[in-house]
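Peer 1: Dropping the structure in here first, questions after.
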Amino acid sequence: MQPLLQVQNIRKTYGARIGCTDVSFDLYPGEVMGIVGESGSGKSTLLSCLAGHAQPDTGAVIFDGRDTVTMAEPERRMLARTDWAYVHQNPRDGLRMGVSAGGNVGERLMAVGARNYGTIRDTATDWLGRVEINADRIDDRPSQFSGGMQQRLQIARNLVTGPRLVFMDEPTGGLDVSVQARLLDLLRGLVRRMGLSAIIVTHDLAVVRLLADRLMVMKGGHVVEQGLTDQVLDDPQHAYTQLLVSSVLQV
Amino acid sequence: MNAPQKNTTEYNFAYLDEDTKRMIRRALLKAVAIPGYQVPFASREMPMPYGWGTGGVQVTAACLTPDDVLKVIDQGADDTTNAVSIRKFFQRTADVDVTERTADATIIQTRHRIPEAALTEGQILVFQVPIPEPLRFLEPRETETRKMHELEEYGLMHVKLYEDIAKHGQIATAYAYPVKVEGRYVMDPSPIPKFDNPKLSDNPALMLFGAGREQRIYALPPHTKVASLDFEDHPFEASKANHNCDICGAGDTYLDEVITDDRGSRMFVCSDTDHCRTRQEA
Amino acid sequence: MYVAVKGGERAIENAHAWLAEERRGDPAVAELGTDQIEQQLALAVNRVMAEGSLHDPALAALAIKQSRGDLIEAIFLIRAYRTTLPRLGASIPVDTAKMDCIRRVSATFKDAPGGQILGPTFDYTHRLLDFALMANGDAPEAPRKAAEPAHVPHITGFLGRDGLIEQEAPSDTEPRDLTREPLELPADRALRLQSLARGDEGFILGLAYSTQRGYARNHAFVGELRIGTCAVEMDIPQLGFAIEIGEVELTECETVNQFKGSKTEPPQFTRGYGLTFGQTERKAISMALVDRALRWKELGEDYVGAPAQDEEFVLSHADNIQATGFLEHIKLPHYVDFQSELELVRRMREAAE
C-alpha cells in the first residue's frame, strides 16, 4: 500500500530558535497519527508546516505523490478545500461566526461548485445530524451555540466534502471534561466510519489513546519517540515519554 | 461643484493631460483583454468629488474624441443634477456635441442604469462605480479579495446568497447584483438594478467601468458572456415593479415610483426619460 | 397629469449663483484679499498645501477664499488643480540638516549643538481671547537677532553615532509616486509616508493619539521637531548636475521610540518620521507616531489589532478628499436602487404574509 502522506525531514526555525527539526514519517490511508508534547515542543509548528499554513525551511510533505511545500498556492488552496480539512482548537478560527450553521457547512460544497440550494441544504441537514446538532438549528448562527456544539459544527463543516486527510489542532482543548468525552466519542465514530486519515496534535494523552493508531512524542522541536500508540503509552522508552505518561497517571 | 478658475481653454481637451489619458487607456486595454478583472490605475483628483463619478469621468475623458456625441445619465435620466453637471463639464472642457438620445450617442456615461433602448456596435457605455469589489462586504481586505479573485475562490459569494435564501426565502440583493464574467471573474456591475443585469450579457456595445476613489477600471468587451449568480433551484430573476409606465404605457421598462400626494397616491414612470419620451413621440 | 421632474440645469445654475453671493458675504464689508489670507491665515494655507500636496501659498490662499474657509474643500480645489500639472521629474532628496530653521526643539536633550529655538509657536501662549484683535491687529515688533550659519545637525545623528538608534539603510531608488501610480498593498515605508503626509490631519492625529493611549503604544519621544525652509534641487540631465529650483517651507519630526534588542543583540531605539509642507507640526508629529506604529512587522513586534497598526485600514481611509467625496455622494439621487429594494421588500413582505 502507498502512504497517503510522506513527511520528509521537516525543519522550521524562527531566527535562532528551532520550531521543529528532523521530522519524518509516513501516514497510510485510514491511519490516525497523534502528535503529543508540551507547549513549545514544536507540535503546532509541525502541524502548520504539514497543513501548508507555514513554509518549512527544508523538507518535503508529499501528499498522494505531490510535494505540497513546493506546489503553487492555487493548487494548495484547492487541496485545502477538497482533500484536506483542518479543525482548529478554537472553533471561532474555523467557523464563520456571522453565517448560519447551514451556511457554514454549505460553504465547502459551494466552494467546489455546488449550485443547488435544496441539495446543499439537505446535505447540511444530514451533517448536522451526524454531529448531533438538531436540524432545527440550521439557520442559527454559531454564536448562539455552546462551545461543544461549535466544535461539532466545525467538524461537520470540515468533513462535508469527504476529505481524505484531516488535521486537528487540540480539537478538545478549551472544552469541559464531559463535553470532551462526547466529542471524542463522536470523532472516533466518524473517523472509523469514514475511514479517515488524520493527524491530531494534542497535549492530552487521553485523546490519542482513544483516537490515534500511532503516536509521535515531541520535545524541544525534536521527535523523541514514535510507535504504535498502545506500545508507546504502555511501555515508554524515552525518559521524557515516561515522565509524560507518569504525570498523567498521577492525576 | 465649483467652476475651474482658469479660463477653460487653458485646460487640455477633456481636462486630463495626454499622459494621464494614455495611462488610463493602457488600463482600459488591459481591462478589455481580461474581462471582469479589476485593473488598478492611478486615478487623479478631478474637479468633482470622489463618489460623484470621478472614475466614469476619467474613463470618458480618456475615450472622448472631438467627433464624439456624448450622453450622460444618472438614475436613467438626462436631467438629474449630477448628469447635468458632468455633461456641462465635458461641454466646457472638450466642446463635444451632446445628446439625450441613446441612439445618437457614441459615448454614454451612466450612473446606476443601462438605457432601455438596445445599444449598438461602436457605442461605449461608461459606468460610474462606487465600490468595484463584489467581495468587499464579505471580506474588507483588498489584499485578501485580490487573492480570492486570483485563486477563483468564490465560495463565500454563494454563502451570501445561501444566507439570503435561508433567511428571506429569496436572494435579497436588488441592485449591484454580482455577476460572473465568461466563467471566470466575479464582477460588480455597479449599482444598477438587477433588472438591467441581462443587458450586460452579449451586448454589442463596449462597457467600461471606472471607480475613481478605489482606483480601479474594468470592462466588458462587446458580446461578453455575463451570468448573474444564482442557484439552480432559485434562478436569477430580473424583476421590476409590477406596473406599466403611467406616461408611455411601457410594460417592459424599469420604473420609478413617484409619490403624487400626501395620501399615499403614487404613479409609476419610466426611469429612462429618453426612452419614455421617444415612445410618446412615436 | 404628472410630468417627470425637470430643471436640474437651472437648479444648478441658481445654486452656483447663490453660493457665489454667500461667499462674498455682505458687500458693505471689505473683500478679503488672497494676499491677506496668505499672510494672516498662514497656518490654514499651510494645511491646504500639506494635504493638497502642492507647495504654492498663493494658490492655497485662493482656494481658501473660494471655499469660504472650508479647508477640506480648499484642499480638494488644490488637488483637482494639481491633476492638470505635468510631472517633470523628482527632486533630489531635500537636505533637512541644511534647513534654515525658524523653530527647532528637542524633547530628548536639554540642549544640543544648534540650540533650541522656540520660534513662532502657540505652545506657551495663554489661550485667552485677545479682544484687542477685534479692533486692531497691529503687533509689536518682535526682538531680532542675526541668523546663524544654517547647518543644524539632527539630534538623532548624535544617537546614531553611538549606535543607540536604528539606521535606515540609505537608498537611491526613487520612491513610487502615490499621485501617479495606484496605491497597491502592502505598501513600503516610502509609500506609507507619502500617504500619511497628504492624509487628513484630524484622522492622523486621532490615530496617533490612540497609540499614546495604548492601542499599539510605542513610547514616542520627540527627538527633534524643526520647521524652516529648505532648498529644492533637481538633477537636470542636460546640465549633468543638480541646480536649485526653489525653496519650500517644511516641518520635520523625528521621534525616538521603543527600543528593541535582546541579551545578545544590543538594544537600539527605533524611529518614527514625519515631514510635511509648511508649518504643520501637529500633523508632522502625528505622522511620526503613526509611521512608527505601522512598522510593527519590520521591527518584529506583535500585531495587537490596533487601528494604527493596520496598514490597509490606515492608508485606505487617511485621504480626506476620498473620504469626503464618498461620504457626501450619498446625497446624490439613489432612487433607482432604492426602488429596487422597495420592490424586493414588498415582495418579501407578501411572501411572509
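Peer 1: Yes or no: segment B:197-205 includes at least one residue that is in contact with a Gly (Cβ under 8 Å, 6 or more places away or on another chain), assigned to a strand (DSSP E or B) and at pLDDT 95 or above.
Peer 2: no
Residue-by-condition table, conditions (1) farther than 18 Å from C:Arg180 by Cα; (2) within 14 Å of chain B (Cβ to nearest Cβ); (3) among the aromatic types (Phe, Trp, Tyr):
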site	(1), (2), (3)
C:Leu32	yes, no, no
C:Gln36	yes, no, no
C:Leu54	no, yes, no
C:Leu59	yes, yes, no
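Peer 1: Out of all the residues in segment A:194-207, which are touching a Lys or Arg at 6+ places or on another chain (Cβ under 9 Å), at pLDDT 90 or above and either under 24 Å from A:Asp235 (Cβ atoms) or not hydrophobic (A, V, I, L, M, F, W, C) (or both)?
Peer 2: A:Ser197, A:Val201, A:Thr202, listed by residue number.
Peer 1: Does C:Leu133 meet the test of being surrounded by 10 or more Cβ atoms within 10 Å (Cβ to Cβ), of a type outside the set (Ser, Thr, Tyr) and not assigned by TED's automatic domain parsing to the domain that holds C:Leu315?
Peer 2: Yes: the conditions hold for C:Leu133.
Peer 1: What about C:Glu312, is it acidic (Asp, Glu), assigned by TED's automatic domain parsing to the domain that holds C:Asn257 and farther than 29 Å from C:Val105 by Cα?
Peer 2: Against the criterion (acidic (Asp, Glu), assigned by TED's automatic domain parsing to the domain that holds C:Asn257 and farther than 29 Å from C:Val105 by Cα), C:Glu312 qualifies.
Peer 1: Same structure again: As an exercise: evaluate C:Tyr215 against (1) more than 15 Å from C:Ile285 (Cα to Cα); (2) in contact with a Ser or Thr (Cβ under 9 Å, 6 or more places away or on another chain); (3) away from chain B (no Cβ under 14 Å) and give the number of the one condition it does not meet.
Peer 2: With respect to (1) more than 15 Å from C:Ile285 (Cα to Cα); (2) in contact with a Ser or Thr (Cβ under 9 Å, 6 or more places away or on another chain); (3) away from chain B (no Cβ under 14 Å), C:Tyr215 is out only on (2).
Peer 1: Please specify each residue of segment A:54-109 satisfying the condition of being of a type in the set (Asp, Glu), more than 20 Å from the chain's Cα centre (by Cα) and within 8 Å of chain B (Cβ to nearest Cβ).
Peer 2: Of everything in segment A:54-109, just one residue is of a type in the set (Asp, Glu), more than 20 Å from the chain's Cα centre (by Cα) and within 8 Å of chain B (Cβ to nearest Cβ), namely A:Glu73.
Peer 1: Moving to a separate point now. Can you tell me which of C:Glu244, C:Glu252 is more than 29 Å from C:Ala308 (Cα to Cα), of a type in the set (D, E, K, R) and either assigned to a helix (DSSP H, G or I) or in the same structural domain as C:Gly274 (by TED's automatic domain parsing) (or both)?
Peer 2: Only one candidate passes the filter, namely C:Glu244.
Peer 1: Just to be sure before I move on: is C:Ala142 in contact with a Leu (Cβ under 7 Å, 6 or more places away or on another chain) and either touching a residue at least 12 places away in the same chain (Cβ under 8 Å) or more than 14 Å from chain B (Cβ to nearest Cβ) (or both) in the structure I sent?
Peer 2: no
Conditions (1) farther than 18 Å from A:Asn158 by Cα; (2) β-branched (Val, Ile, Thr); (3) touching a helix residue (DSSP H, G or I) at 6+ places or on another chain (Cβ under 7 Å), marked per residue:
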residue	(1), (2), (3)
A:Asp185	no, no, no
A:Gly195	no, no, no
A:Ile200	no, yes, yes
A:Val207	yes, yes, yes
A:Gly221	yes, no, no
A:Val232	yes, yes, yes
A:Gln237	yes, no, no
A:Gln242	yes, no, no
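Peer 1: Only one of (1) under 28 Å from A:Val105 (Cβ atoms); (2) more than 15 Å from the chain's Cα centre (by Cα); (3) of a type in the set (Ser, Thr, Tyr) fails for B:Tyr177. Which number is that?
Peer 2: Result: B:Tyr177 passes all but (2).
Peer 1: From C:Ile72, C:Ile78, C:Ile12, grab the single residue that is part of a helix (DSSP H, G or I), over 23 Å from C:Cys230 (Cα atoms) and modelled with pLDDT of 95 or more.
Peer 2: So the residue among C:Ile72, C:Ile78, C:Ile12 that is part of a helix (DSSP H, G or I), over 23 Å from C:Cys230 (Cα atoms) and modelled with pLDDT of 95 or more is C:Ile72.
Peer 1: Related question: What pairs can you find where one residue is in segment A:117-130 and away from chain B (no Cβ under 14 Å), the other is crowded, with 20+ Cβ neighbours inside 10 Å and in a helix (DSSP H, G or I), and their Cβ atoms are less than 6 Å apart, with a gap of 6+ or different chains?
Peer 2: A:Trp127/A:Val105; A:Trp127/A:Ala156
Peer 1: Do we have B:Tyr162 as within 28 Å of B:Asp256 (Cα to Cα), of a type in the set (Ser, Thr, Tyr) and either at pLDDT below 95 or buried (at least 19 other Cβ atoms within 10 Å of the Cβ) (or both) here?
Peer 2: Here the answer is no, as B:Tyr162 does not meet what is asked.
Peer 1: Take segment A:143-163 and flag every residue that is within 13 Å of another protein chain (Cβ to nearest Cβ) and in a helix (DSSP H, G or I).
Peer 2: Answer for segment A:143-163, where residues must be within 13 Å of another protein chain (Cβ to nearest Cβ) and in a helix (DSSP H, G or I): just A:Arg157.
Peer 1: Please give the number of the condition B:Glu214 fails out of (1) modelled with pLDDT of 95 or more; (2) of a type outside the set (Phe, Trp, Tyr); (3) outside any strand (DSSP E or B); (4) within 30 Å of B:Glu45 (Cβ to Cβ).
Peer 2: For B:Glu214, the failing item is (1).
Peer 1: Of the numbered conditions (1) in contact with a Leu (Cβ under 7 Å, 6 or more places away or on another chain); (2) without any contact (Cβ under 8 Å) to a residue 40 or more places away in the chain; (3) β-branched (Val, Ile, Thr), A:Thr161 satisfies every one except a single condition; which is it?
Peer 2: (2)
Peer 1: Go through (1) assigned by TED's automatic domain parsing to the domain that holds B:Glu133; (2) in contact with a helix residue (DSSP H, G or I) (Cβ under 6 Å, 6 or more places away or on another chain); (3) free of Cβ contacts under 8 Å to residues at least 12 places away in the same chain for B:Asp233 and report which single condition fails.
Peer 2: That leaves (1) as the condition not met.
Peer 1: Further question: Taking segment B:136-188, which residues are more than 13 Å from chain A (Cβ to nearest Cβ) and within 22 Å of C:His334 (Cβ to Cβ)?
Peer 2: B:Arg136, B:Ala172, B:Thr173, B:Ala174, B:Tyr175, B:Ala176, B:Tyr177, B:Pro178, B:Val179, B:Met187, B:Asp188
Peer 1: Of all residues in segment C:81-118, which are within 14 Å of chain B (Cβ to nearest Cβ), touching a Lys or Arg at 6+ places or on another chain (Cβ under 7 Å) and in a loop (DSSP other than H, G, I, E, B)?
Peer 2: Hit for segment C:81-118 is C:Arg87, nothing else.
Peer 1: If C:Glu281 satisfies every condition in (1) at pLDDT below 95; (2) out of contact with any helix residue (DSSP H, G or I) (no Cβ under 9 Å at 6 or more places or on another chain) but one, which is the exception?
Peer 2: It fails just one condition, (1).
Peer 1: Let me ask something additional. Name the residue, out of C:Leu275, C:Leu299, that is touching a strand residue (DSSP E or B) at 6+ places or on another chain (Cβ under 7 Å), more than 30 Å from B:Ile259 (Cβ to Cβ), part of a loop (DSSP other than H, G, I, E, B) and assigned by TED's automatic domain parsing to the domain that holds C:Arg103.
Peer 2: C:Leu299
Peer 1: Residues in segment C:296-335 that are buried (at least 22 other Cβ atoms within 10 Å of the Cβ) and of a type in the set (D, E, K, R): how many?
Peer 2: Looking only at that region, the number is 1.
Peer 1: Would you be able to tell me the number of residues in segment B:37-87 that are more than 19 Å from B:Asp17 (Cα to Cα), part of a loop (DSSP other than H, G, I, E, B) and small (Gly, Ala, Ser)?
Peer 2: Residues meeting the conditions: 2.
Peer 1: Okay, next question. Check C:Thr156, C:Thr173 and return the single one that is β-branched (Val, Ile, Thr), assigned by TED's automatic domain parsing to the domain that holds C:Ser195 and out of contact with any strand residue (DSSP E or B) (no Cβ under 6 Å at 6 or more places or on another chain).
Peer 2: Just a single option satisfies the conditions, and that option is C:Thr173.
Peer 1: Still on this structure: Restricted to segment B:87-140, and to residues that are basic (Lys, Arg) and surrounded by fewer than 17 Cβ atoms within 10 Å (Cβ to Cβ), which residue is farthest from the chain's Cα centre (by Cα)?
Peer 2: B:Arg92
Peer 1: In this structure, does C:Arg189 turn out to be within 30 Å of C:Gln322 (Cα to Cα), surrounded by fewer than 16 Cβ atoms within 10 Å (Cβ to Cβ) and of a type in the set (Lys, Arg)?
Peer 2: Answer is yes for this residue.
The values are calculated or read from the model by the stated rules, or taken from the named source; none is laboratory data. Bear in mind the structure is a predicted one, so any value in this text is a computation, not a measurement. Neighbour counts run over all protein chains shown; Cβ positions are idealised from the backbone, glycine included.
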